[in-house]
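Only one structure is covered here, and it is reproduced in the block below.
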């Protein structure tokens with residue numbers, strides 16, 4: 001039994017949710033998101049909460065049960081509060097700046113890296129060494145943060161590069177004489 005799947009997703013104040021067949025739609029102050037649930041999972045809206053159950057006890061249905069509940073919880077939280085990921089840049093001369101809607105990164109290459117975020121995701125540079133990626137879709141926010149991090153992943157000797165704010169870089173010891 002899925003411990004996560006058993007809990008119904010509570011719908012907070014200010015958010016309206018509807019279930020139409022296998023499509024779950026949530027509208028809130030930040031926007032509107034939809035999620036199409038797999039056919040092996042049954043979704044129903046009952047007394048202010050969305051309940052998710054497997055259609056049968058097959059391994060496939062049970063494995064998609066908890067994931068479907070989490071996806072629905074993410075769209076409900078996204079339209080209410082939104083999601084954000086913070087990135088930090090460390091290294092001499094490494095910095096970020098906004099160029100209109102595009103992110104311009106100086107990461108030690110011979111050229112500046114310019115990143116154009118997809119629709120629905122906004123990027124803000126609070127300090128030259130700090131980037132905030134925010135939006136209502138958790139998957140899209142994480143994907144954009146991951147793509148920015150890939151431009152210069154942190155290296156283990158000095159920790160130079162782009163890293164998540166809550167990430168710790170395991171340092172290696174350098175050469176000894």
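The values are calculated or read from the model by the stated rules, or taken from the named source; none is laboratory data. Note that this is a predicted model, so its numbers are computed, not measured. Backbone-built Cβ (ideal geometry, glycine too); neighbour counts: all protein chains shown.
If you go through region 50-64 and pick out every residue that is touching a residue at least 24 places away in the same chain (Cβ under 8 Å) and within 16 Å of residue 21 (Cα to Cα), you end up with 5. Kindly indicate whether residue 54 is more than 20 Å from the chain's Cα centre (by Cα), buried (at least 18 other Cβ atoms within 10 Å of the Cβ) and under 23 Å from residue 80 (Cβ atoms). Against the criterion (more than 20 Å from the chain's Cα centre (by Cα), buried (at least 18 other Cβ atoms within 10 Å of the Cβ) and under 23 Å from residue 80 (Cβ atoms)), residue 54 does not qualify.
Exactly one residue out of 148, 123, 89 is in contact (Cβ under 8 Å) with a residue 60 or more places away in the chain and under 28 Å from residue 35 (Cβ atoms): that is 148.
The set of residues in region 9-36 being closer than 23 Å to residue 59 by Cβ and either surrounded by fewer than 14 Cβ atoms within 10 Å (Cβ to Cβ) or modelled with pLDDT of 90 or more (or both) consists of 35, 36.
Could you please let me know if residue 143 is within 16 Å of residue 82 (Cα to Cα), without any contact (Cβ under 8 Å) to a residue 40 or more places away in the chain and in a loop (DSSP other than H, G, I, E, B)? Answer is no for this residue. The residue that is surrounded by the fewest Cβ atoms within 10 Å (Cβ to Cβ), among those in region 109-128 that are in a loop (DSSP other than H, G, I, E, B) and under 18 Å from the mean Cα position of the chain (by Cα), is 119. Checking 131, 89 one by one, the residue that is surrounded by 14 or more Cβ atoms within 10 Å (Cβ to Cβ), more than 18 Å from the chain's Cα centre (by Cα) and within 26 Å of residue 156 (Cβ to Cβ) is 89 and no other.
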